[in-house]
Structure formats: C-alpha cells, structure tokens
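Heads up, the thing below is written out as structure tokens.
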Amino acid sequence: MAKATTGNFEFLKVQDVDLEVERRGAGAPLVLLDDEEGLTREAAFVDDLAKSHEVIIPSAPGFGHSSRPDWIETMDDIAYIMLDFLDQAGIEDATVLGFSLGGWIAAEMAVKNVARIGRLALVDPYGIKVGGPWDRDIQDIWFLPKDEVQALKYADASNGDIDYTEMPDEKLEVVARNRESFARFCWRPYMHNPKLKRRLHRITVPTLVIWGADDGVVTTDYGKAFADEIPGARFEVIEGGGHFPHLEQPAAFMDVLGGFLAGSQKAA
Amino acid sequence: MDAWYFTEMPYPHLPPQEAYESDRVNLSNAVFDPEIGAALYNRYLDEYVIADDLGLNSMLNEHHQTPTCLDAAVPLTAAILARETTKGRILVLGNPVANRDDPVRIAEEMAMVDCISRGRLDAGFVRGVPYEIFGSNTNPSQTMERLWDGLDLIIKAWTTRDGPFNYESPHWHKRAINIWPIPYQEPHPPIWTTGSTDGPNVDRVARRGFHFASFLQPHERVRVLFDRYRAAATDEPEAATRRLGFMPIVAVGENEKEAMERAAKLRWFIQSKTAPQFRNPPGYVSVDINVRALKGEFAGRTAAIRQEGMDYLIEKGVVMAGTPDQVIAQVERFYQRVGGFGHLLVMLQAGFLDHEETVRNITLFAKEVYPRIRHLADTAKDDGARPTARTGQA
Amino acid sequence: MYAWHFTEMPYPGHPDPDTVPSVRVSLPNKHFDPKVGADLYNRYLDEHMVADDLGLNCMLNEHHQTATCLDVAAPLSAAILARQTSKARICVLGNPMSNRDDPVRVAEEMAMVDCISRGRLDAGFVRGVPYEVFAANTNPTQTLERLWEGIDLCVKAWTHRDGCFNFEGKFWHKRSVNIWPTPYQQPHPPVWITGSSDKENIRKVASRGFTFAMFLQPHEKVREMFDAYREASIYDDPEEVRRHIAYMPLVATGENEDEAERLAKKVSWYLGAKTAPQFRNPPGYVPVSFNVNALKGTYSGRTDAVRTRGIDYLKEQGVLMYGTPDQLFEQVKTFYDHVGGFGQLLMMQQAGHMTHEETVKSMTLFAKEVYPRIREEFAFKPAKKGAAAE
C-alpha cells in the first residue's frame, strides 16, 4: 500500500485535553477522524484529498499522541471534545469523514450539533445496536483468535499483516496506547452507545455511508441499518473491501467519495 | 511460618487438550458432568476439613468459566468451611473485586463468614487474572482502579458503625450503606492481596499494611516483589516480612520416587492452556509492557513456567517436591532467596491427584514438614496485633 | 403437600422499636454484637439441620441492613445447608435479582449449591421488598424489569451448552457467558417467584411454569392471586398447577393451647418489626393507581392491617396458624379450602425471641404430629414430571 506523507502537527488545548492535530494541504476543510488503529492517515488517498482540501486530522483523546484525562469515558465525551475543537479552530462547513471508530465519533458529533458540519461521510462505523439482547451485532474482536479477527477485518486477510517487531518503540507505544484506549471506551457497552440509534434521525446534513462488502466485523446488513436511521443518507457498498474498504480498494473508495463531495460541496 | 492448604478444585476429566482451543473462558460447559462435579465438590471440601484437623489453615480462591477451578463463588465455600472447620483460619484469596459488580455485597458476605466462623476469616481481594474479564465483561483498562475503589468501599462498609453513609465514586454509587452484620473481628479481618508484575501496586499494598502474596513465580521475581514490599512498608522489615505469602505446588512423598510421581500429577495445573487472545486483553498491563509484547519479548506472565521441565520448576521454587527433608530444605532455600516470608500457601492438590493421594500429601506435609518450618517466621508474634474477636458491643 | 421450615434469622436484641425510627435500613449496625450474631447464625443453621432430620424441607431468604434478617447472602447459607443436610430440598426464596448487580453470578452460585447438594435446590427470584432499594440503590421504578431481564439471563446461563453466548440487554451486558459449573438438575432447578398484588406479573410467572409463592397475606387476597395464577398456568394437570403454588404463614405448634398461644405471640414479633414510612413505598415501586390511593390516605403500604391487628385477626386470615397439632391441621385445611388449594406450605416457625428449645419443640411437634396428616390429606396424585419436592 502506498504511504501518505505527513503534514504539520500541533497540539491544541481543548478543555483539559492536549489534542494532537495534523493538517495537510489547502482548500475547503475536511476533518478526517482516523480509525482506531491509526491506519487511515497513512494511506495515499489522504494526499489526494489534500490536493483539493485542507485535511485536518485531530487524534481522539487517548489515540495518537492526544492525552486521555480520566474523565473521558465514552464516545459522548469524545464527541463533545471534537465539537469543541471545531469551535476553537473556527472550522466552517466542514466535511467530516470518519473511519470505523472515527465514523462512530463523527455520527455522535452530528447528532449533537451540525452548525459547523456541512456533510458527513462514514466508513464502516460502529456505534449502534441493531438486534436484540442475544444477538452479536458486532463481532467480538477481543474474544476471537487474532487470525480470525484479521480475516473478518480484511477481504484479503494478508492485507492486515503488520510486522510490529521492526517498528520503533515510539510508534509501538502509539499502537499499544490506541489498543488500550479502544478497549477503555468500547468494552462495555461493546462498540456501541445504546442511545445513538434513536438519535441518528437528528443528522440533517447530506450523509454518505460507505461499507466494505466483505466486512466481517460489522456486516453490510448492519451498515444498511445504520444508514436507514439517517434521513436521506446514501449507502454505498465497495466490492473487494473489508472493514477498511478505503485501504483495500482505494480507487473505488475515492470514486464513491469524490462523487459525494462533488455533489454536496460548493466548488473550491 | 503459617501454612495454608489449597486446591483450586479442578475438574480434570476433559477431552484431549489438542481437541479444543482453551481450557479457560470458552471450553463448553457441555463437558461438565454434574454428577462428577458434585462428587468433586464434596471431596475437595472433605479434604479441607481433613487439613483443618491436621492443623493447617485453609485457603480458597475463585475463577470463572474454567475446569481448572470449580469454585466459582468463593464466599460459598468459605461459608461451608466456616461451619465445618473448627481450628484453622480461612483465607479467601481472593474476592475478584474488579469483576464483581457490588463491593458492598462482598463486604456483607465476608462479614457473614467472619461471624459464622467466629473470627477466623482472612479476607483477600484481587483484580482477577486477565482471562477473567471475558466472562465478567469488565473493562480491562480499569481493573486496578476498580479493585482499589471497591476495596475502599468494603472497608468503609465494614467499619462504619453510626448509620448509613454515602459513597459516589467513578465505579459505584451507593447512598445509604449500613451493613448488617459487621465482621466479627475488630476492626475488620486481615486483608490480603496478590501481585506479580506491578511494582507501584506492591508499594500501595505495603503502605496500607495489607498482606501480599505471590503465586507460582520464580524466586528471583518473588525477591524483587518482596523487597519492594519491605521497602515500602511503614513498619520494620521483619514485621513486614511476616505479612508476605508465597504459593508453590507442593508434593511430599515417603521417598523421592513417590514425591516426583505426585509432583508430575500436580503439574497438571500449570499445563492447562489459555488461548492467546485471553492472556493479555488491551489495557490490562501497562503500555510499556505491551510495547515489548508487540516486539515479541513478552508472551504473558507465565510462559516460561508453562514450558520448562520439573528441574527448572523445583530450582525456581515454583514446585517444591521430595521427601519431607528435601521439601524442608527447599522451603528453607526459598525463604533465604526471597529474604523471608510469613505464609506458605501450599497447593497440595491439583489435576488427577485422587482423594487418597491428596490426603497422604496433606498428612505428610502437616506432620513431617510443617512442624519443622514453623520457626522460619515468627508469625505467632502477630497474634496480638491481628484483628481479634470483639470483647463487646462497639 | 410439602412443608418447609423457615426463619429469617432475626437479631432480636436490637433496641426497643419505640426508641428508634426504623429497624430496617437505617438502624446503625453498632447495635449488632458479632458475638451474639455468631451464636445466632450457628443456632439457626443447626435448626435447619434439625428440620432436615425431621423430614422437613428448608427455605432460606435474604434481606439487607435489617435486624430482622441476618441472612444477607442466602447463597452462603444455602451452600452450608447443601453440605450439612442430607434429605431436605433447599429453597432460596429468593435471590433479589433486581438488587443484585450480576445475574450470571447468581446463576453460578445457584449452580454450585445445586451441585454440592446433588440436585436438592429450588431457586427463587424476587424483586425485593420496597425498603431494599435504599441499600442497593436500585431505581425503584425498574425493579420488575430488572427481575425479568435477570431471570432470562440466569436461565440462559444455566441451560446454554455450546460455549459462549452473547447478551446485551437493557440492564446487563455480557459477551462471552459459558458458566462452570452448570446446575445438577436438568435443565435447571425449579424456579420460584413471589408476589402479592401485581396480577400481570403473576400471569407471567404462571406462563413460564414457575412456582408462585405468597407470604403472610389474608386469605381473600391469597385466593384472588392464586386464582389469577391458576388461570394462566401452562400446566394442564391441576395437580401440577397446585404443586407450583406456595403459601407462607407464621406457624406455632404447641402441646396445648396455652403453649401454642405463647409461641404464637413470640413468632408474631416478626410482624411488629418497624420500617420508617419513607422506606415503605419508594416512588415507582407500586403502580400510579396505588399511589393515588396512598395520596388520598386509603393505602399505606401492603401490610398495614397485618402489622396492626391482633393475633385473632391473623389466625382468622391464615397469616398466623397456631394451636395444638389437631388445631393446626384444621387451620391448614381451612386455609386450603379458602384459597382453592396449594401445594407447598412454607412455615416461619422461628422469629424474634423464640429460643432454640422452643423452636425445636414447635417444629418437632409439627413434623411428627401434623405433617404426616397434611401429606396424606393433600397428597399429590402421581405427577407426570418435574417434581418440585422430594
């Protein structure tokens, strides 16, 4: 996979969180909310987006190098921090593009306040419960063996191979910390906010929900149910893509996203 | 030195180990035959009563969703021993506070056991081994803070005497706590906790004056933990040492051959398997340990102990096995190597060691070994300092 | 019919109720002397062993923060009886599911007791009386919902045999439940539930095939509720329906009328135990319609008449049964006829200041002189299956 460049990093104090923010390119603001593993920001398509947008990547509290005060416990807390960030940074008419956990955060933001959000694109987000108490809506990535989880996440499991033994400690620390924070916020209730489903109707901006056809963690049925709760949302499936369709099928992903941005955004 | 008899109450009648993924968490309970289970429960409880008769104290623990430990609710077995034993103390090590959703109930359960036993309870509290969070669904990044938050609430519940109090903390909200009964011992039973890697937590345990125990760890590791405890304790090292406990697997035989056969059977316990994804859930250990795990330098806390042979285990003190003289020498050697300790928690039963052999093992230990290691730490000195039975109404 | 010995394990040495606002919830535990408590625990457990020897079954319950009941963890006393009795069935009535924060643990505890006793457990679940919500800090408007969600999760944990299952309910989230041990009885121990006024809930109990129990209520009220249960029962065989209906009176059996009356007064101690008004009806525990009456002054909690009227009233209503063996037999029979029949007689044979000797004498007289006649008179015709007792 082609790797993206890195942009300019800064830390912003949002409430008592030291929020790590990366910016790349220039143009209309596009707030990219990374997945829980921090993989997306490293993909080449982000540089393509940066050709026509200012891509702004705030790391959620506890992820990347952002701090994690003890009081931050839920996606609700994180969503409010991110909304405070939009206020503080003076971002207007933002495109908010969230991947996996980042997609959940984006949805939590949009149900609360869309004053600074122009449009929303969610890629294989978690965040709602669709079935009944006995149903496993979201595969249990902490319970299943590692190989099985990787096969669920990727259309081609080998796309998930990462050799951690060669990484510098500084980077491994981010990996270990991301994993810990992911569990901290998503353990129970497992990967969802029981309240979110009944709030999604409040999202009044144009919304695109993109799903990997081969996502085994949260299936396309789950994705369809998610999109159905958002008034007027478009639902697009990417063949050959798993839980991270943008990593496995970047061209197809950019086609779908590009069409949505062109249709919902004023010309830059 | 005090000795405490222990078995995890295993259910060893399992399919071949290669036929399933993990002994713990997800081995289907269809494997459990209640008829065999009923016989095992009653047999293990009988063995505790025998150990008590022979002058040993009793230690109990609990685990969940695993055939390695049928004691899924240790307050229940502690209550039974409170009624059925008469002399020895009863150590619960421990109550998995982090994974239990109501510390006040634990306070009540322990107070009830303390009353029924007329003040013979030692109450231990643990955060639970990593795989426990899957059954309980506790957030692995919060086990330590839940343990301490819960422990504070329990002690407050045990010791408040003047009507309901309020407690609203990050993990528990109670508004009118005033438990009946209160513990028999004043102000409350001795408190124990365990540890294996977390240094700052050992400091905290030591500063609070709680007993600290380490299970089945090599002597070098135990030395580090015990020294750290002694350094952080607020009293003299000699007194602090008497609050330290260690658990080896112990096999005593009439002769070496008998002992080694017994040790080989007991080793069943450390050979049970846990699937990799249950061994280190995210946030259970610190970020720096997980950085080492990612580099392949840390594979859970017990990898070496699981894989190495009997010589290694005996050398490290994880297993103590032999004739009475040999076991005494091994206890003494371990005692010297770790700088002393006050409580030997002896796993004298595990796996397929049957009733007759277990009783033989208990008897040899109690009669031939225990009297000759008691002098190692003068725990009798603490009898006065120990919480004692109340003399009257508070 | 089967009979069960019961005591709430009281601590009667507390201050005169007239001098304290409440013996429940707020009575400071400084009034509890652990030495006295230790003796009482062991004595009450001894009495259960005597009951077992006499051929009676044993029933246990739990309450919190009250001098009326030292059994704050019924699974512990049930575990003890599982080891120390040999014949009796052991009914925990019940586990306060709404106030327990982990139904899977309750499932584990009950499975353990069932194994240790080799299948002698009857497992009851209750939502808990009103004052319990204060210590537990459970929302009083949700106790029934919690009770049923907890029961569903517990029964699933008992019966699931294929590895781990998922549960994400309103109150509890578990993702990998696979309990060890499972219960001894297959598919699971008989389930009991209590009730007093909520017919909708009684129909739910009936529709699940669970045993329904009422405690210390006047016979007209009991009849009304038992009728509601019978109408909704899933059992076709009327004997099987009857087998699943239980009632608890206070019981005192004496050699002569004087002795019985003296014991009856002692055992009635229980009814006089005082609960401060604010603990009796927390908002949302009973339906709005009841609370409208409460505001008008026409409803003041569920047990007012029972608490304040004398023993003649209690005897007439069947709340208290006392007398010589002959008289006691007649009272059971009368009550049986009044309420349309029932199958399980739960007997509070010890309360308050009744001594060990008095308790053992009363229960022995009952077991030897009354019980055989009751068993014969109200014998179950051969049951099809799923016996709740014996």
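Coordinate-derived values only; no laboratory data. Computed from a prediction, not measured in an experiment: that's the story for all the values here. Please note: Cβ atoms are built from the backbone with ideal geometry, for glycine as well, and neighbour counts cover all protein chains shown.
Things worth noting here:
- In order along region A:235-248, the Karplus-derived 3J(HN,Hα) couplings, from 6.51 cos²θ - 1.76 cosθ + 1.60 at θ = phi - 60°, round to 10, 10, 10, 10, 5, x, x, x, 5, 10, x, 5, 8, 8 Hz, and Gly and Pro are given as x.
- Residue of C:ALA107, C:ALA228, C:ALA379 that the Gaussian network model of chain C assigns the largest fluctuation, springs spanning Cα pairs under 10 Å: C:ALA379
- A straight Cα-to-Cα reach below 19 Å connects B:LYS257 with the aspartates and glutamates B:ASP311, B:GLU315, B:ASP325, B:ASP354, B:GLU356, B:GLU357, B:GLU368, residues fewer than 8 places away in its own chain not being considered.
- Counting only DSSP beta bridges with both residues in chain A, the antiparallel share comes to about 35 percent.
- Distant-in-sequence amide contacts of A:VAL31, defined by a placed amide H-H separation under 5 Å and a gap of 5 or more residues or a different chain, comprise A:ILE56, A:THR95, A:VAL96, A:LEU97.
- Computed [θ] at 222 nm, deg cm²/dmol, chain A (DSSP H ≥ 4; -39,500 (n - 2.57); rounded to nearest 500): -10000 deg cm²/dmol
- With the alpha-carbon atoms of the protein assembly as shown aligned to their principal axes, the span from lowest to highest coordinate is 101, 79, 54 Å, starting with the largest.
- Calculated Rg and Dmax of region A:63-137 using C-alpha coordinates, Å: 13.6, 44
- Annotation: the residues B:GLU47, B:GLU297, B:GLU132, sorted from fewest to most other C-beta atoms within 10 Å of their own C-beta, follow the order B:GLU297, B:GLU47, B:GLU132.
- Stokes-Einstein D in µm²/s, Kirkwood radius over Cα pairs - region C:209-330 at 10 °C with 1.306 mPa s viscosity: 96 µm²/s
- The count of lysine pairs in region C:212-315 that are at least 8 places apart or cross chains, and whose C-alpha atoms lie under 18 Å apart, stands at 5.
- For chain A, the relative contact order comes to 18 percent (Cα pairs under 8 Å, sequence separation of at least 6).
- Cβ-Cβ FRET estimate between A:THR204 and B:THR197, R0 fixed at 56 Å, reported to 0.05: 0.65
- For region C:216-296, averaging the sequence separation of C-alpha pairs within contact (under 8 Å, six or more residues apart) and dividing by the residue count gives a relative contact order of 19 percent.
- Nonlocal amide H pairs with B:TRP192, under 5 Å, H built at 1.01 Å: B:ALA123, B:GLY124, B:PHE125, B:HIS211
- Modelled spin-label separation between C:GLN84 and C:ARG43, with each label point placed 7 Å from Cα along the Cα-to-Cβ direction: 1.4 nm.
- DSSP bridge pairs, the protein assembly as shown: antiparallel proportion in percent, nearest 5: 20 percent
- When you filter the chymotrypsin sites (Phe, Trp or Tyr not before Pro) in region A:85-152 for DSSP loop state and at most 16 other Cβ atoms inside 10 Å of their Cβ, you are left with A:TRP134.
- Among A:ALA233, A:ALA121, A:ALA251: highest mean-square fluctuation, GNM of chain A, C-alpha pairs under 10 Å: A:ALA251
- Student exercise, chain C dipole from Lys, Arg, Asp, Glu Cβ charges, in Debye to nearest 20: 980 debye
- Neighbour counts of other Cβ atoms within 10 Å put B:LEU147, C:LEU121 in the fewest-to-most order B:LEU147, C:LEU121.
- The ranking of C:ASP16, B:ASP382 from fewest to most other beta carbons within 10 Å of each one's beta carbon is C:ASP16, B:ASP382.
- The amide H of B:ALA275, built 1.01 Å from its N in the peptide plane, has B:ASP23, B:ARG24 as neighbours under 5 Å, considering only residues 5 or more places off or on other chains.
- Inter-chain neighbour count for B:274-284: the average number of beta-carbon atoms from partner chains within 10 Å of each residue's beta-carbon is 5.
- Label-to-label distance, B:GLN307 versus B:LYS295, with points set 7 angstrom from Cα along the beta-carbon direction: 1.8 nm.
- If the convex hull is drawn through the Cα atoms of chain A, its volume per residue in Å³: 120 Å³
- Note on chain A: with charges restricted to the Cβ of Lys and Arg (+1) and Asp and Glu (-1), its dipole about the Cα centre is near 1000 debye.
- For the segment A:65-73, counting C-beta atoms of other chains within 10 Å of every residue's C-beta and taking the mean gives 1.
- Ignoring lysines fewer than eight residues from C:LYS35 along the same chain, the ones with Cα atoms less than 22 angstrom from its Cα are B:LYS87, B:LYS156.
- The orientation-averaged projection of the convex hull spanning the C-alpha atoms of chain B amounts to 18.7 square nanometres.
- Farthest toward positive dipole pole in region B:203-250 [+1 Lys/Arg, -1 Asp/Glu at C-beta], among B:PHE226, B:ILE249, B:VAL205: B:VAL205
- Considering only C:LEU263, C:PHE290, C:ILE311, and ranking their Cα positions along the charge dipole of region C:252-331 that arises from unit charges at the beta-carbon of Lys, Arg, Asp and Glu, the one farthest toward the positive end is C:PHE290.
- Filter on C:LYS87/C:LYS204; A:LYS197/C:LYS199; A:LYS13/B:LYS174; A:LYS195/C:LYS174; A:LYS153/A:LYS224 - keep pairs with C-alpha separation over 24 Å: C:LYS87/C:LYS204; A:LYS197/C:LYS199; A:LYS13/B:LYS174
- Approximating the spin labels as points 7 Å out from Cα along Cα→Cβ, the C:GLN186-to-C:THR159 distance works out to 1.5 nm.
- Using a Förster distance of 45 Å, the FRET efficiency for A:ILE162-B:GLN336 (Cβ separation, nearest 0.05): 0.45
- Charge context of A:MET167, other residues only, Cβ under 10 angstrom, K/R +1, D/E -1: -3
- Modelled FRET efficiency - R0 41 Å, A:GLU73 with C:ILE234, Cβ distances, 0.05 increments: 0.40
- Taking chymotrypsin sites (Phe, Trp or Tyr not before Pro) across region C:273-336, the ones in a DSSP loop with at most 16 further Cβ atoms lying within 10 angstrom of their Cβ are C:TYR299.
- Only helices reaching 18 angstrom along their own axis (Cα) with mean Kyte-Doolittle hydropathy no lower than 0.5 count here, and for the DSSP H runs of chain B these are B:103-116.
- Listed residues C:ALA276, C:ALA111, C:ALA38, most fluctuating in chain C (Gaussian network, C-alpha, under 10 Å): C:ALA38
- Over all directions, the projected convex hull of the C-alpha atoms in chain C averages 18.3 nm² in area.
- The dipole here belongs to the protein assembly as shown: it is taken about the Cα centre, uses +1 on the Cβ of Lys and Arg and -1 on the Cβ of Asp and Glu, and is about 1680 debye.
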